[in-house]
Ligand code: UFG
């Protein structure tokens, strides 16, 4: 990988799960990082700093320039953006709870769509046209064929959160068609799981997340009595749903590879799947988790969850060919690293604050 003469990367949603892991990889690859977050999903320590970003600095031994900034506050965004020359932007900031997005759709549309529009306008005004966008395999809707290639049709999505990702991709299509300066990569994530191997950063388990791995680990910790497996009658190897789980550290290195690709070549707009290409069932994930952690995860098979699909996994060849990137970490490593994070931080970033052990 090369940073070329790109020095400074602007990261929105830098205190989040994927944002914080990505910043570690950026710093370790030699970039400077200017990060923003509105902290709605973050733990702030007594000194006013984000717990996640302090831990990023601890892992890397480097400083992150950090601003409390909401993308909906365009004036503030302009002010923060114009403080230094930005070579490229990585846009993670979004709200992402699928169920909640169906209950408060306007809030999701305002936050995710207007946030993206403000960011693009501020970038354009500042003459910065390089962007990596955090998209999702949700844009494919129900797969018509597997593994899913990037030219699979998009749209026909069953939830509001997913539609915001889809609409932003459509917007990126339109602006790159109209204005040739833009140079954008949209990365379609499959199912990010795991945590940094240091155990210092991870997905905050205190949130009401309904995703599988955080739930498994809550059961393993004894915080929840059992896992409900949604559907045992899918047309899959063991009847449970199949997904392409990708270690968050692999996902983060995919962003570094995308930056290099944007630096090397003017792409206008390219989309890439970030997955492993391997389909893993719910039961396989539960069993692997039990095997590598030694913890027990009791479960019951329940009815299917509304809107769920049977199987989804990526064709990863395009990212391999054009970005020179391939996921390396195994399902065992995903489980082991998630467990290290969860068991040493049972209350997420609040663990250290609660114990009066706030890092200075
Ligand atoms: N599952 C269970 N029990 C649980 C939670 C999940 O059995 O308590 C199953 C689901 O039915 C599914 C699999 O585990 O088969 C994975 O479910 P997740 O909720 O972890 O992930 P999804 O694939 O449903 O959703 C993820 C992201 C979304 C994104 C979507 C794109 O969380 O943000 O992928 O397909 F939109």
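Only the coordinates and a few stated rules stand behind these numbers; no lab work does. Please read all numbers here as calculations on a predicted model, not as lab measurements. Methodologically, a virtual Cβ is constructed for each residue, glycine included, from the backbone with ideal geometry; neighbour enumeration extends over all protein chains shown.
Counted over the chain, the DSSP beta bridges are approximately 5% antiparallel. Tell me what the chain gives for mean residue ellipticity at 222 nm when only DSSP H runs of n ≥ 4 count, each as -39,500 (n - 2.57), the sum divided by the residue total, rounded to 500 deg cm²/dmol. Value at 222 nm, helices only: -10500 deg cm²/dmol. Extension gain for residue 308-residue 104 works out to 71.5 nm (0.36 nm per residue, less the C-alpha to C-alpha distance). Computed from the alpha carbon positions, the gyration tensor of the chain leads to an equivalent ellipsoid with semi-axes of 30, 25, 19 Å, biggest first. Relative contact order of the chain, taken over Cα pairs closer than 8 Å and 6 or more residues apart, is 20 percent. Relative to one another, the C-alpha centroids of region 1-72 and region 110-171 are positioned 22 Å apart.
Arranged from highest to lowest average of other beta-carbon atoms within 10 Å per residue, in what order do the peptides 70-81, 6-17 appear?
6-17, 70-81
Computed on region 101-205, with alpha-carbon pairs under 8 angstrom and 6+ residues apart, the relative contact order is 34 percent. Projecting the alpha carbon convex hull of region 185-246 along each direction and taking the average yields 6.3 nm².
Averaging sequence separations of C-alpha pairs under 8 Å and six or more residues apart, then dividing by the length of region 138-277, give the relative contact order as a whole percent. Working shown, then result.
On the way: 152 pairs, mean separation 45.5, N = 140.
Computed over region 138-277, the figure is 32 percent.
Between residue 8 and residue 223, the FRET efficiency estimated from the beta carbon spacing at R0 = 56 angstrom works out to 0.85. Peptides 105-113, 341-349, ordered by how many other C-beta atoms sit within 10 Å of their residues on average, highest first, read 341-349, 105-113. With the simple spin-label model, which puts each label point 7 Å out from Cα in the Cβ direction, the residue 47 to residue 170 separation comes to 4.6 nm.
Averaging 1/r over every pair of different alpha carbons in region 186-330 and inverting the result gives a Kirkwood radius of 16.6 Å.
Compared with the alpha-carbon gap, the fully stretched path from residue 181 to residue 299 is longer by 37.3 nm at 0.36 nm per residue.
Per residue Cα convex hull volume for region 71-127, in cubic angstrom?
70
The convex hull drawn around the Cα atoms of region 1-145, when projected onto a plane and averaged over every direction, covers 10.6 nm². Let's test the formula: R0 of 56 Å, r as the Cβ-Cβ distance of residue 156 and residue 347. What FRET efficiency results, to the nearest 0.05? The computed FRET efficiency comes out at 0.90.
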